[in-house]
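Q: Sharing a structure with you now.
The values are calculated or read from the model by the stated rules, or taken from the named source; none is laboratory data. What you are looking at is a predicted structure, and each value in this text was computed from that prediction instead of being measured. Here the Cβ positions follow ideal geometry from the backbone for every residue, glycine too, while neighbour counts run over all protein chains shown. Quick note on the areas: whole protein, heavy atoms, side chains included, nothing else; ligands and nucleic acids left out. Shrake-Rupley method; radii C 1.70, N 1.55, O 1.52, S 1.80 Å.
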Amino acid sequence: NVEKNLALHNIETRRVFEPPAYVNVPHSEYLYYTGLCLPSGPNLSDEDIYRICDLIQPLDIKWRCYARTQGMDKKILQRMKYAGCVEIGIGIESGSKKILDIVDKNIDPNKNLQFVKCCKEIGIKINVFIMIGLPGETIQTVQETKRWMEKALPDKFGFNIFVPYIGTPIYNNPD
């Protein structure tokens with residue numbers, strides 16, 4: 001059991017979702033019992049990622065995750081692949097440096113492109129999430145994102161329209 005094995009090594013997990021009460025089929029039960037969320041965030045060190053991969057690898061399971069491109073290098077991606085990672089989802093948001101700076105992503109579109117290409121080279125599928133309509137967005141910045149996508153050619157992608165949450169800094173100060 002993945003959850004028990006990780007708990008033995010003091011790695012906290014939590015259920016991602018509960019199966020709806022009206023669904024009682026083996027597939028939903030399987031997803032419930034395997035839908036775990038591992039620790040993440042800027043405080044997760046390379047050593048933490050290696051330790052998690054070392055614990056997952058012997059279980060011989062296939063898994064997906066979400067990641068930030070910052071701090072992820074080829075060595076980490078190779079370890080994740082060896083441990084069964086088949087897909088990484090990343091919030092690129094935009095292919096425009098101007099927009100990424102406005103929303104404080106602190107990354108260059110070329111670094112994001114390198115990350116996508118590295119994942120593909122290693123054999124990890126890549127799912128890119130793009131946000132259209134962020135503050136400062138223009139036809140030109142949308143075109144930059146389009147060109148970025150044409151270069152990246154992710155395995156999957158999702159385009160979303162930006163809608164700020166009420167009370168957030170960007171909602172209160174949209175300019």
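Q: Could you grab me the full set of residues in the range 133-145 that are open to solvent by 40 Å² or more (accessible area, probe 1.4 Å) and within 25 Å of G71 (Cα to Cα)?
A: E144
Q: To continue, here is another question. One residue is enough: does the range 141-155 have a residue meeting the conditions in contact with a strand residue (DSSP E or B) (Cβ under 9 Å, 6 or more places away or on another chain), of a type in the set (V, I, T) and assigned to a helix (DSSP H, G or I)?
A: yes
Q: Is it the case that H9 is modelled with pLDDT under 60 and over 20 Å from the mean Cα position of the chain (by Cα)?
A: For H9, the condition - modelled with pLDDT under 60 and over 20 Å from the mean Cα position of the chain (by Cα) - is not met.
Q: Within the range 74-108, track down each residue that is in a helix (DSSP H, G or I) and in contact with a Ser or Thr (Cβ under 7 Å, 6 or more places away or on another chain).
A: Once the filter is applied, which keeps residues that are in a helix (DSSP H, G or I) and in contact with a Ser or Thr (Cβ under 7 Å, 6 or more places away or on another chain), the range 74-108 yields K98, I99, L100.
Q: For the range 49-73, what are the residues that are among the hydroxyl-bearing types (S, T, Y) and assigned to a loop (DSSP other than H, G, I, E, B)?
A: The answer is T69, and nothing else.
Q: Do we have any residue at all in the range 153-164 that's over 18 Å from I92 (Cβ atoms) and touching a helix residue (DSSP H, G or I) at 6+ places or on another chain (Cβ under 6 Å)?
A: Among the residues of the range 153-164, at least one is over 18 Å from I92 (Cβ atoms) and touching a helix residue (DSSP H, G or I) at 6+ places or on another chain (Cβ under 6 Å), which makes the answer yes.
Q: What tally of residues in the range 92-118 results from selecting those that are buried (at least 17 other Cβ atoms within 10 Å of the Cβ) and without any contact (Cβ under 8 Å) to a residue 12 or more places away in the chain?
A: Final tally of qualifying residues: 1.
Q: Can you tell which of E29, E121 is open to solvent by 40 Å² or more (accessible area, probe 1.4 Å), modelled with pLDDT of 85 or more and not in a strand (DSSP E or B)?
A: Residue meeting the stated conditions: E121.
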